[in-house]
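The next block holds one structure in the form of structure tokens; read it before the comments.
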């Protein structure tokens, strides 16, 4: 299939056009600028035509934090094979999924997520909601640790945690400071741009999922039970959010 020409496989040409338009929308390029009649070589393969469009519209090849998301990639190799199989299975209509490394993901605005939290709080109360959100965060943190385990060194903890948070839009880790108190150890994590308190105003810290993510990640690191609190939150007027995680030796 990768070696098929568009002339021998018209469906592949249609998939190519769809992927080009998806990418154009993603990078802010007007779809009307792309003249497929003039720039598609029906005697060429998918990759041949990709090179043509890259030369004509270099914006299509620009990198981004989301370049791994297949629905906005222009596809090659195994990813192209997978997308083509989906296209064929559904009679020329590729399933509208966001896929990353073969796994389906979701994407929606921060305020939508905040509205979900508000609805849960209204139904079960603030105390139960905070507990649930913290547990969800711990699961996310534990999974994130397992995914980044091979990249973690004792002197790059802040960088390693920042990498797993920032790629998902959870904010930026400014600092992760460790203090040894003898019988217990405390980590203080400072996060900028936390989405949970984005444009929020509150009298108490609002980032229970982030507190769970940080504590879950550190719990997996130290392999001990931990306690966590949010010392400062943007929603209460603090510039960054600050999370304190403590465990006994």
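No value in this document is a laboratory result; all are computed from the given coordinates. Predicted model, so just to flag it, every value in this text is computed and none were measured. All Cβ positions, glycine included, derive from the backbone under ideal geometry; neighbour counts span all protein chains shown.
Go ahead and collect, in residue order, the members of segment 29-47 whose backbone nitrogen is under 15 Å from a label point 7 Å along the Cα-Cβ direction of residue 9. Counting backbone N atoms under 15 Å from the label point, the list is 42-47.
Between residue 47 and residue 151, the distance separating the two model label sites (each 7 Å from Cα on the Cα→Cβ line) works out to 2.7 nm.
Figure legend: label point modelled 7 angstrom from the Cα of residue 183 along Cα→Cβ; residues of segment 205-249 with amide N under 17 Å from it are 225-227, 246-249.
By the count of other C-beta atoms within 10 Å, a proxy for reagent exposure, 36, 145 are ordered fewest to most as 36, 145.
In terms of other Cβ atoms within 10 Å, 210, 123, 131 run from fewest to most in the order 123, 131, 210. Of 7, 37, 19, 130, the sequence from fewest to most neighbouring Cβ atoms within 10 angstrom is 37, 7, 130, 19.
Our estimate of slack between residue 175 and residue 248, defined as 0.36 nm per intervening residue step minus the Cα-Cα distance, is 24.1 nm.
Rounded to the nearest 0.05, the FRET efficiency derived from the C-beta distance between residue 159 and residue 223 at R0 = 25 Å is 0.75.
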